[in-house]
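Peer 1: Please find one structure pasted underneath; my questions will follow.
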């Protein structure tokens, strides 16, 4: 079973998709604006956007004046879940390092 976190990490594994996320972090962008920011074809950017959309990281919506234009923006929820998971990983390592520090200090006192 693929979880939302799995889908998020899979989508973010690609550097082009991470760059798209960085661009969308500042503000929503039209698909054409995103394609212009890369040295790959517009269809390639479209495929990356599809992966980001299917993973739930971005949403798309139309523009009132022109139904052909699509605007993409980030969704907050997947990034909140990713942040919570990273906090858990960080807490684990903080605990491990704290235990190691305590062990070293005990060894120093005993020597």
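Peer 1: Looking only at the range 53-83, which residues are in contact with a helix residue (DSSP H, G or I) (Cβ under 9 Å, 6 or more places away or on another chain) and either more than 17 Å from residue 21 (Cβ to Cβ) or at pLDDT below 85 (or both)?
Peer 2: Step one: of the range 53-83, the residues in contact with a helix residue (DSSP H, G or I) (Cβ under 9 Å, 6 or more places away or on another chain) are 54-60, 69-74, 77-79, 81-82.
Within the range 53-83, 69 is the sole residue that qualifies.
Peer 1: Follow-up. Kindly indicate whether residue 9 is touching a strand residue (DSSP E or B) at 6+ places or on another chain (Cβ under 9 Å), surrounded by 12 or more Cβ atoms within 10 Å (Cβ to Cβ) and in a helix (DSSP H, G or I). Don't jump to the end; show me each part of the working.
Peer 2: Numbers: touching a strand residue (DSSP E or B) at 6+ places or on another chain (Cβ under 9 Å): no; surrounded by 12 or more Cβ atoms within 10 Å (Cβ to Cβ): yes; in a helix (DSSP H, G or I): yes.
Taking the combined requirement at face value, the residue does not satisfy it.
Peer 1: Okay, next question. How about the range 1-31: which of its residues are over 17 Å from residue 76 (Cβ atoms) and modelled with pLDDT under 90?
Peer 2: Correct list: 1, 2, 3, 31.
Peer 1: Now for a separate question. Would you tally the residues in the range 54-111 being within 21 Å of the chain's Cα centre (by Cα) and assigned to a helix (DSSP H, G or I)?
Peer 2: 17
Peer 1: What are the residue pairs meeting all of these: first residue in the range 65-91, first residue closer than 17 Å to residue 46 by Cβ, second residue in a helix (DSSP H, G or I) and at pLDDT below 90, Cβ atoms under 7 Å, and 6 or more apart or on different chains?
Peer 2: Every condition considered, the pairs that remain are 70/31; 72/31.
Peer 1: If you check residue 45 against the conditions, is it surrounded by 14 or more Cβ atoms within 10 Å (Cβ to Cβ), free of Cβ contacts under 8 Å to residues at least 40 places away in the same chain, closer than 17 Å to residue 15 by Cα and more than 13 Å from the chain's Cα centre (by Cα)? Show your work before the answer.
Peer 2: On the way: surrounded by 14 or more Cβ atoms within 10 Å (Cβ to Cβ): yes; free of Cβ contacts under 8 Å to residues at least 40 places away in the same chain: yes; closer than 17 Å to residue 15 by Cα: yes; more than 13 Å from the chain's Cα centre (by Cα): yes.
Yes.
Peer 1: So residue 100 clears everything in (1) loosely packed, with under 10 Cβ neighbours inside 10 Å; (2) modelled with pLDDT under 85; (3) more than 20 Å from residue 22 (Cβ to Cβ) except one condition, right? Which one?
Peer 2: Exception for residue 100: condition (1).
Peer 1: Let me confirm something: among 50, 19, 30, which residue is closer than 26 Å to residue 81 by Cβ and touching a residue at least 12 places away in the same chain (Cβ under 8 Å)? Spell out how you get there, then give the answer.
Peer 2: Working: 50 fails: touching a residue at least 12 places away in the same chain (Cβ under 8 Å); 30 fails: closer than 26 Å to residue 81 by Cβ.
When all the criteria are applied, what remains is 19.
Peer 1: Failed condition for residue 39, given (1) at pLDDT 95 or above; (2) loosely packed, with under 13 Cβ neighbours inside 10 Å, with all others met?
Peer 2: (1)
Peer 1: Has the range 84-107 got any residue that is closer than 17 Å to residue 8 by Cβ and touching a helix residue (DSSP H, G or I) at 6+ places or on another chain (Cβ under 8 Å)?
Peer 2: yes
The values are calculated or read from the model by the stated rules, or taken from the named source; none is laboratory data. Being a predicted model, the structure only gives us computed values, none of them experimental. Cβ sites come from the backbone with ideal geometry, for glycine too, and all protein chains shown count toward neighbours.
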